[in-house]
Structures are given as C-alpha cells and as structure tokens.
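Here is the structure we will look at, set down as structure tokens.
The values are calculated or read from the model by the stated rules, or taken from the named source; none is laboratory data. Owing to the predicted nature of the structure, the values given are computational and were not obtained by experimental measurement. Every residue, glycine among them, receives a Cβ derived from its backbone with ideal geometry; neighbour counts consider all protein chains shown.
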Amino acid sequence: MNRKNKDQKTENFLEGNIIVTAKKRGFLKMEKEDIEISDFSLNTALNGDTVKIKITARGKNKEAKVTEIIKRSKTNFVGTLGKDNAGYFLVTDDMKFYPRLDLIMSNEIPIKDVKILVKMSEWNNPKENPQGEIIKILGHKGDNETEMQSILYERGFDPNFPDGVETEADVIKNKALKSFKEEISKRRDFRDHTTFTIDPDDAKDFDDALSFKELENGDFEIGVHIADVTHYVPINSKIDNEATERCTSVYLVDRTIPMLPEILSNDLCSLNPNEDKLTYSAVFIMDKNAEVKESWFGETVIHSDKRFTYKNAQESLDTQKGEFYKELKTLNDLALILRKERTQKGAISFGGSEYKFTLDEHGKAIGVFEKEIMETNELIEDFMLLANKEVAGYIHKKEQELNIDLPFIYRIHDVPKVDQIHELSDFLKTIGFRLNIKDNKISSKELNTLLEKTEDLPEENLIAKAALKSMAKAIYSINNIGHFGLAFDYYTHFTSPIRRYPDMMVHRLMKKYLAGDNLSPRSIKKYKELTAKSNQQEIAAVNAERASTKYKFVELMSDKIGQEFEGVISSITKWGVYVQIENGAEGMIGLRSLKDDYYQLDIKHYCLVGQKTKTKYTLGDQIKVKLVSTNIDKQNIDFELV
C-alpha cells in the first residue's frame, strides 16, 4: 500500500469522547468540526464513552459510525424502578441514556417511588437491551437524602470511602503524632510568626494560612502556608489511590463529600487554630509596593494564632481595631496593589452572583440569599493567586537555569475561539453593548472594560454569563500555554491539596525538583493520566454541584405557585424564553403560553418576534412573570408572562 492510501485509510478512523443527545444523536467534537453519528450507527455507544469511529460520508457534514467502544464513561446508573409485562427495568435519571435497561431481580422490592443504583453488565449487541443489577437502594424519591445521594452516584462519586481507607487514615495519624517532634526539627520554623486562617463561616477544613512579619528595612515577609498533605499520604497507599479516583472534593448545597477521609482533611492536615501543623509553604519578601523581591519554597511548621471568618476579619478592617488589625490592614493594602496590577495586565473579573440556601431540619430549601463578597474574600484570593503564579514561575526559571525539561502540572486557559468571539459580539450588539474585535481576536483588557461598564446594571449577570460562556475552559495540563483569564504566563494550583488532587501532584513535583531529582518516563506517563482524570472529575463535580443547586431552587419554588416575580430574560430558544427572577431561580415561559400572537425565534438578534404584532422579547429584557408550575423530577420551573 502506498503512503497516500495508507494516510487516507488512517484518516477514516478517529477516536474521541462521544456526545449523545436525549434524541439519540451522536457527535464527536473535533478541533475544526463536529462529526455526526446517527442513532443507527451508535453501536451501543453511550454519552461520554471513548469510542473509535469510521467516517462513512464526507462533505459539508461528515457522517460516521461507531466501530469500537474503547472505554465506557460509566456503568453505574441512578433512577427509579419500573415494571411492565416484560419485567423490571430502570427509569434512569440520565436523560441521555437511551436504551431500556432490564434488571436482573433476585428479590421483589417495593416499586413505587424507589430510587436505586444499578450496575450495567457488558453490552455489545445494539439489537438487545442491556442488563443490569441493583447494587444499592437509595431510598424514596423526593427525600432530601435520597436525592442528594442520587446526584452524587449519577456522576460517579460515592459518598462513602471503601473499606480500609479510613482505617489507614487512623494508622497514619497515630504514626504522625509519634514522629511529630522529630519531623519539626527538619523544617523551617514559623511558629513565632503571626499566623492566621481566613475562611467561610461553615468551613471545616483549613488548607491555607497566612503569616506576617515586618522586617527592619520596612519590607514584609509573608508566608502562604499550605497543609502538607503529601507528607502524610504516601503514593499508592489506599488513601492516595482513592484520591486519584475522586480527584476532588464535591460541594453540594447541604454537604461536602471530601476527597480525603475527615480524620485527615478536618483534623491531621487541617490548619486548625492553636495547634502546631506541618505545612508546605511559599514565602515572599515584599516591599510596600507589593513587589516580590525574594521567594522561598519548602517544608515548614506553623502555629495558627486565630481562625478568622471572612466576616469577622472584615469587621476588624472596617472598625480599624480588633485582633491583628495592623497585619490585616497591611495584607489588604498589598492585595489591592496585586489586584490592580493584575487587572491592568488584563486579568478578567467575571463577577456574577452566588447563592446560598437556608434549609430546614429535613434539608428542604426554605430560603435563599446572595453570598456577599467582601474585601477579605479577595485578600485571600489575591495571595493564593500570587503563590500559584510564583510556584509555576519558579519551575519555568529552574528549567531555564538547568536547561532541562521539568514536567509539571499547569492550570491553563486558552484564548477564546474566533467563532465564540463573534457570537459574543453579535449578542452584545442586540442589547446595546459593543465589543472591539481586532484581527479576529479580543484582548482580556477589552473584556474587563466591558464587565466594568456593566457593573450594577440589570444586564450585569447576563453579560457576565455570556462572556464566561464564550471563554475556553480552564484545565490542567503538563503543557503550558499560559492563563488568558488571569493574564499569567505561568500558573498552577498549589494552595488546596486537601480538596484537589492536582495540588497534591504539584507538591510532590516541587519536593522532587527542590531535592534535585527528576521524573522517570513511567512517572511522566502516570502524571499525564492523572491530569486527564482530574479534568474529567472536575467537570463531574461541577455538574453535581449545579444539579444540587437546581434541585433546591425547584424545591424552594414549589410552594410559591401563583406568585408573581420581577425577572430578566436570560436565554431564548425555539421552544420558549428562560427568565431569571430576583432570588436567582431560573424558569421557562413556554412558547405555547404566549397566546397573544404566533412567535418565531430570530437567532441573529437573540429575540422572539410576534408575527402579527411584531412584539419582541429580547435577551436582557426586564419582565414580570407568574409561577404556574414546578416539576421536581425533571427539575423544571414554568412561568407565564404577566
């Protein structure tokens, strides 16, 4: 076979993660185009599976068929138990799961409103239904505990640790306490430095602390001290292996599912006040202009003098008195300079609103309020960003000095794609805003200017969401391309090893390189695999968090049927308009409920247009709506126009 024919044959086969819609259409997203796979050509492929496909038709819209399932995205599914004349089956919560999943039943269980976790057996024949067995009965549909567990299991997170993991954590703690004094002697001692943590009111684990010391020449020594998780968790231990499966903690509305057992995350590793703790630190000598004159990285021991909440640290700043006011004031002044410099270089501040629910004793949502972002939130954020940037920059400098490649875990953020830039620009024009595009590119400074102009306007959240949607997703990678959104050439995640596995990898790599060691080819391959897994798990965790928030919004609104609300049109589709009301809940006005005219979607101008009256409903319009129904199973909120 000649080279040309061989290349053409290779091009006919592609690998990737398939997207399967609720209408059973498959897509493989490639860099330049999407390849469509019809329902007859899925060959048992399910949403998210890694597949091999063969191109069957070329032209404007390529078509293909799945030839091999390389790896299933998941085999465990959550849903309710169904029964008909053919037997038991699973009614899945996953709307994109298209086949009927027949259940192998060993015992009769109550059918009505029972949610279950099912493991699907191997499925290779598209002409036959897949089979599965029940591995856990989660409880009654509608119960808070059942629904929160369903959200976790559906996205691959087990609320409980496997056998042996927590036992191993006990053993680690006992050994650590016995060798603590010996370990302290090997570390740089910061216990005589003023040190504190600043965290949310309800925080249970504290993985970062700041130390402060004013030097005789007027400069400041500031330590960003991070829980030294990797000192306690050996590679390939049961705890480490489980952490590589989870890769992240998950934060639902009413609970945290930790990456590490609580004996580590909330106790041994956590930087609790008035206790000596082992840390891994980035220490900076800074002048009053926030310029970093010296930096040092290494193993340390600290003693936190106080556990601040964002609120009481803010009170100290506002009242100009209280514990450690002088230190907080200086740190805040430096943070303001760091923030200003970052913004001038093009760092984007998306703003937007975060909501927190008030829950009753049964976990039901009875209220919601917008989280207040204080100066102290930003103070901590600024110093964490500084540490992450300086750690990544240090590795780059080391590579240049030694003239060798030092594989590392970077947090990267690509520039927006051309089509997404123009889509954002077109959208902004329809609501009266302009975005300057030059050579099919947009600067982060231009985006920041836009977001500053819209601050406190009714369209603020809408524009922030649209701008965020136009961005590439920040991911972990061993190949650095910089971070567009933060305007950093080098950036990593170093500051949260209790809740993120990439931070643990960064700590291990830093320790290795500071000791003068390098990575074996086998280790590099392992780090690549763990980086890819971390990206997948981050998406799954975010989806779980959003699902729990959406569930609670529907639950909250369910007893408000008939009430009227002010809202803003947040999205427009061919089946209706989505409206976000003042408490943050989002629902839809169905096209069929607009009975005064026949409305059609004008995609170009992001609006619905009445064919007779020419009435327009456009993104960003402020309208009044009435809540007519909710569906907690489908997590729908339905409005009609007042």
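Annotations
- Evaluating residue 67 against the criteria (1) in a strand (DSSP E or B); (2) over 30 Å from residue 417 (Cα atoms); (3) touching a helix residue (DSSP H, G or I) at 6+ places or on another chain (Cβ under 9 Å); (4) not small (Gly, Ala, Ser) leaves one unmet condition, (3).
- Of note, residue 347 satisfies the criterion of being part of a loop (DSSP other than H, G, I, E, B), in contact (Cβ under 8 Å) with a residue 24 or more places away in the chain and touching a strand residue (DSSP E or B) at 6+ places or on another chain (Cβ under 9 Å).
- Residue 264 being under 29 Å from the mean Cα position of the chain (by Cα) and either farther than 30 Å from residue 467 by Cα or of a type in the set (Val, Ile, Thr) (or both): yes
- Summed over segment 576-631, the residues that are touching a Gly at 6+ places or on another chain (Cβ under 6 Å), without any contact (Cβ under 8 Å) to a residue 60 or more places away in the chain, in a strand (DSSP E or B) and under 30 Å from residue 142 (Cβ atoms) give a count of 5.
- A residue that is within 26 Å of residue 382 (Cα to Cα) and touching a residue at least 24 places away in the same chain (Cβ under 8 Å) occurs somewhere in segment 234-248.
- Enumeration of residues in segment 119-165 that are in a strand (DSSP E or B), farther than 27 Å from residue 68 by Cα and not aliphatic (A, V, I, L, M): 136, 139, 140
- Residue in segment 551-569 that is among the aliphatic types (A, V, I, L, M), over 25 Å from residue 93 (Cα atoms) and out of contact with any strand residue (DSSP E or B) (no Cβ under 6 Å at 6 or more places or on another chain) present: no
- Being farther than 18 Å from residue 299 by Cα and basic (Lys, Arg) holds for only one residue in 499, 508, and it is 499.
- Residues located in segment 606-624, provided they are in contact with a strand residue (DSSP E or B) (Cβ under 7 Å, 6 or more places away or on another chain), under 17 Å from residue 575 (Cα atoms) and surrounded by 13 or more Cβ atoms within 10 Å (Cβ to Cβ): 606, 607, 608, 609, 610, 616, 617, 618, 619
- Residue 329 passes every criterion in (1) in contact (Cβ under 8 Å) with a residue 40 or more places away in the chain; (2) closer than 16 Å to residue 374 by Cα; (3) among the basic types (Lys, Arg) apart from (1).
- Test for residue 124: is it surrounded by fewer than 17 Cβ atoms within 10 Å (Cβ to Cβ), more than 18 Å from residue 19 (Cα to Cα) and in contact with a Lys or Arg (Cβ under 6 Å, 6 or more places away or on another chain): no
- Extreme residue, farthest from the chain's Cα centre (by Cα), among residues of segment 411-431 that are under 28 Å from residue 503 (Cα atoms) and surrounded by 18 or more Cβ atoms within 10 Å (Cβ to Cβ): 416
- Single residue of 16, 59 found to be under 30 Å from residue 158 (Cα atoms) and at pLDDT below 90: 16
- Qualifying residue in segment 522-536 (condition: under 27 Å from residue 143 (Cβ atoms), surrounded by 18 or more Cβ atoms within 10 Å (Cβ to Cβ), modelled with pLDDT of 95 or more and not small (Gly, Ala, Ser)): no
- Tally of residues being in a helix (DSSP H, G or I) and either without any contact (Cβ under 8 Å) to a residue 24 or more places away in the chain or in contact with a Phe, Trp or Tyr (Cβ under 7 Å, 6 or more places away or on another chain) (or both) across segment 401-424: 5
- The condition of being acidic (Asp, Glu) and closer than 30 Å to residue 159 by Cβ holds for only one of 240, 318, 287, that being 240.
- Residue list for segment 330-352, restricted to those being of a type in the set (D, E, K, R) and over 22 Å from residue 447 (Cβ atoms): 333
- One residue alone among 57, 45 is exposed (fewer than 15 other Cβ atoms within 10 Å of the Cβ) and small (Gly, Ala, Ser), and that residue is 57.
- Residue check, residue 206 part of a loop (DSSP other than H, G, I, E, B), in the same structural domain as residue 359 (by TED's automatic domain parsing), more than 18 Å from residue 506 (Cα to Cα) and touching a Lys or Arg at 6+ places or on another chain (Cβ under 8 Å): yes
- Scan of segment 372-406 for residues that are of a type in the set (D, E, K, R) and under 22 Å from the mean Cα position of the chain (by Cα), ordered by number: 372, 378, 381, 382, 389
- Within segment 436-463, the set of residues being in contact with a strand residue (DSSP E or B) (Cβ under 8 Å, 6 or more places away or on another chain) and either surrounded by 15 or more Cβ atoms within 10 Å (Cβ to Cβ) or of a type in the set (Ser, Thr, Tyr) (or both) comprises 459, 461, 462.
- All of (1) modelled with pLDDT under 95; (2) exposed (fewer than 14 other Cβ atoms within 10 Å of the Cβ); (3) assigned to a loop (DSSP other than H, G, I, E, B) hold for residue 561 with one exception: (1).
- Of the set (1) in contact with a Lys or Arg (Cβ under 7 Å, 6 or more places away or on another chain); (2) within 19 Å of residue 80 (Cβ to Cβ); (3) not assigned by TED's automatic domain parsing to the domain that holds residue 99, all apply to residue 156 but (2).
- Restricting 311, 321 to residues that are surrounded by fewer than 18 Cβ atoms within 10 Å (Cβ to Cβ), in a helix (DSSP H, G or I) and not aromatic (Phe, Trp, Tyr) narrows the list to 311.
- Within segment 98-118, restricting attention to residues that are in a loop (DSSP other than H, G, I, E, B) and touching a strand residue (DSSP E or B) at 6+ places or on another chain (Cβ under 6 Å), the residue that is modelled with the lowest pLDDT is 111.
- So residue 314, is it at pLDDT 95 or above and in the same structural domain as residue 223 (by TED's automatic domain parsing): yes
- Residues within segment 201-231 that are surrounded by fewer than 21 Cβ atoms within 10 Å (Cβ to Cβ), touching a residue at least 40 places away in the same chain (Cβ under 8 Å) and over 27 Å from residue 244 (Cβ atoms), tallied: 8
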